[in-house]
Amino acid sequence: MPAKSRFTRLDAFTKTVEDARVRTTSGGVVTITSLLIIFWLAWGEWADYRRVVVRPELIVDKGRGEKMEISMNITFPRMPCELLTLDVMDVSGEIQMGVMHGINKVRLAPESEGGHVLETKALDLHADEAFHLAPDYCGECYGAPPPADAKKAGCCNTCDDVRNAYASVSWSFGRGEGVEQCEREHYAEHLDAQRQEGCRLEGGIRVNKVIGNFHIAPGKSFSNGNLHVHDLDNYFKDGASHSFTHVIHHLRFGPQLSDVVVQRMKASHSSTTGPGGWTNHHINPLDGTEQHTDEKAFNYMYFIKVVSTAYLPLGWEKEAPMSGKHTEILGATIDGNYKGSIETHQYSVTSHKRSLTGGTAEEEGHKERVHARGGIPGVFFSYDISPMKVINREARSKSFSGFLVGLCAVIGGTLTVAAAVDRALYEGVQRVKKMHSN
């Protein structure tokens with residue numbers, strides 16, 4: 001048997017003779033309708049193939065010896081900058097007292113005057129510092145050992161040097177009465193001038209990625225044995241109505257994401273969780289928090305659980321990683337041009353507040369709760385590092401082969417249903433014609 005005849009016998013798609021075909025108006029309508037349906041469903045398959053979804057994964061965080069950036073912008077409308085101190089400490093034993101590097105203190109006008117920003121040089125606490133001292137001048141430390149960071153080794157030539165010397169031996173400093181250096185710099189007068197002002201702390205700090213805390217409290221801080229202590233003399237003896245009323249404009253763990261990156265991430269998440277399913281508030285829940293108190297002896301505590309988070313956009317593996325120089329810069333922003341992996345942190349938080357004078361929490365609706373007495377007034381942030389890491393990975397909702405399978409199913413299924421509908425219409429019309437002819 002010829003090869004052609006063998007293949008002819010295997011033909012599963014037998015053809016009808018052209019003369020046996022009947023074309024009808026209803027068949028034309030069904031054909032046009034089925035083509036429109038095929039185009040519509042095929043477009044849906046294409047859109048579904050092009051859709052990007054975010055698939056979250058949870059893994060063990062294996063990072064070791066890493067650093068973490070903490071960025072903050074917090075306003076204290078009733079606390080002058082001179083009284084505020086920022087301290088950072090962690091379980092590794094590292095303590096940063098009186099942090100200034102990376103943090104700006106912005107002096108604010110009193111609340112009664114609108115709380116606008118004042119020029120820092122207008123009432124800088126040490127603006128009158130004498131630079132015309134004799135080269136051989138060595139200021140007295142008034143019984144305390146000279147501080148290690150003194151401007152002149154072995155001497156206390158400035159009011160700050162004397163304050164640091166007192167702090168090293170856990171002595172209360174007060175307003176500097178009788179201290180030559182402080183009287184020369186008009187320390188007490190500047191304290192009085194700033195008494196009604198507010199302060200805003202803004203900037204960032206870099207900490208070890210271990211359990212720790214940072215707090216903002218009044219007075220200079222120092223360590224006394226295993227205790228961390230603040231000199232509260234000026235805070236409580238000052239006649240002004242100081243309090244730790246505060247507004248957290250933002251508190252972020254990790255690098256700053258530009259608006260373009262945030263909007264892109266939000267769009268990707270919305271396709272998975274619905275419109276508005278993700279916002280920047282999911283990463284930084286303390287943004288916009290306001291707390292108010294009229295008590296001086298009052299503190300706020302925020303207990304934060306930090307979770308390492310990676311965001312992997314489509315094609316991230318083809319992008320070069322961010323340079324080490326960029327990641328080491330405090331406050332560096334990840335802009336919209338960067339398409340690589342984004343390493344950041346999100347956190348959850350619970351808060352607690354109490355009066356340091358003790359008593360019950362009846363005003364808060366908890367008669368059975370009794371507040372402990374004592375402590376340091378201020379705002380305390382205790383953060384814990386989760387051992388888990390969240391990876392948000394962008395991916396196509398289906399593969400290209402899945403798209404082809406869906407496309408074939410759309411075409412084949414639609415044509416099959418259309419053929420059945422056309423056949424039913426044709427048979428119905430023929431039956432009606434036969435009935436009328438009889």
Checking PRO146 against (1) touching a helix residue (DSSP H, G or I) at 6+ places or on another chain (Cβ under 8 Å); (2) in contact (Cβ under 8 Å) with a residue 24 or more places away in the chain, which single condition isn't satisfied? (2)
Failed item in (1) surrounded by fewer than 20 Cβ atoms within 10 Å (Cβ to Cβ); (2) at pLDDT 80 or above, with THR279 passing the rest: (2)
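Take the residues in the range 30-50 that are among the hydroxyl-bearing types (Ser, Thr, Tyr) and over 30 Å from ILE391 (Cα atoms), then tell me which one is surrounded by the fewest Cβ atoms within 10 Å (Cβ to Cβ). Let's see the steps before the verdict.
Of all residues in the range 30-50, those among the hydroxyl-bearing types (Ser, Thr, Tyr) come to 31, 33-34, 49.
Those still in the list that are over 30 Å from ILE391 (Cα atoms) too: 31, 33-34.
Values: THR31: 15, THR33: 13, SER34: 19.
So the residue we want is THR33.
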Which ones in the range 152-179 are touching a Phe, Trp or Tyr at 6+ places or on another chain (Cβ under 9 Å), more than 14 Å from GLY219 (Cα to Cα) and charged (D, E, K, R)? LYS152
Residue among GLY402, GLY413, GLY406, GLY378 that alone is in contact with a helix residue (DSSP H, G or I) (Cβ under 6 Å, 6 or more places away or on another chain) and open to solvent by less than 60 Å² (accessible area, probe 1.4 Å): GLY406
Only one of VAL53, VAL106, VAL99 is in a loop (DSSP other than H, G, I, E, B), of a type outside the set (D, E, K, R) and either modelled with pLDDT of 85 or more or open to solvent by less than 30 Å² (accessible area, probe 1.4 Å) (or both). Can you tell me which? VAL99
So which of THR8, THR14 is part of a helix (DSSP H, G or I), open to solvent by 70 Å² or more (accessible area, probe 1.4 Å), at pLDDT below 85 and not charged (D, E, K, R)? THR8
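Could you tell me which of the residues GLU57, GLU45, GLU82 is closer than 30 Å to GLY203 by Cβ and among the charged types (D, E, K, R)? It would help to see each step written out before you state the result.
Numbers: GLU57 fails: closer than 30 Å to GLY203 by Cβ; GLU45 fails: closer than 30 Å to GLY203 by Cβ.
After ruling out the rest, the residue left standing is GLU82.
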When GLY27 is evaluated against the numbered criteria (1) open to solvent by less than 50 Å² (accessible area, probe 1.4 Å); (2) under 30 Å from TYR383 (Cβ atoms), which criterion, by number, is the only one it fails? (2)
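Go through the range 221-253 residue by residue and tally those that are of a type in the set (A, V, I, L, M, F, W, C), under 28 Å from the mean Cα position of the chain (by Cα) and open to solvent by less than 20 Å² (accessible area, probe 1.4 Å).
Looking only at the range 221-253, we keep the residues that are of a type in the set (A, V, I, L, M, F, W, C), and these are 222, 227, 229, 232, 236, 240, 244, 247-248, 251, 253.
Checking the rest, the ones that are also under 28 Å from the mean Cα position of the chain (by Cα) come to 244, 247-248, 251, 253.
So of that shortlist, the ones also open to solvent by less than 20 Å² (accessible area, probe 1.4 Å) come out as 244, 248, 251, 253.
Result for the range 221-253: 4.
Of all residues being open to solvent by 30 Å² or more (accessible area, probe 1.4 Å), closer than 30 Å to GLY114 by Cα and not polar (S, T, N, Q) in the range 154-201, which is modelled with the highest pLDDT? Just the residue, please.
In the first step, residues of the range 154-201 are kept if they are open to solvent by 30 Å² or more (accessible area, probe 1.4 Å); the result is 154, 160, 163-164, 166, 168-172, 175, 177-178, 180, 183-184, 186, 189, 192-193, 195-196, 200.
Narrowing further to those that are closer than 30 Å to GLY114 by Cα: 175, 186, 189, 192-193, 195-196, 200.
Those still in the list that are not polar (S, T, N, Q) too: 175, 186, 189, 192-193, 195, 200.
On the way: ARG175: 76, HIS186: 80, GLU189: 79, ASP192: 77, ALA193: 77, ARG195: 80, ARG200: 91.
That would be ARG200.
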In the range 297-322, anything open to solvent by 40 Å² or more (accessible area, probe 1.4 Å) and modelled with pLDDT of 85 or more is listed as MET301, PHE303, LYS305
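The values are calculated or read from the model by the stated rules, or taken from the named source; none is laboratory data. Just so it is clear, the structure is predicted and the values come from calculations on it, not from any experiment. Cβ sites come from the backbone with ideal geometry, for glycine too, and all protein chains shown count toward neighbours. Note: areas computed on protein heavy atoms with side chains; ligands, DNA, RNA excluded. Shrake-Rupley method; radii C 1.70, N 1.55, O 1.52, S 1.80 Å.
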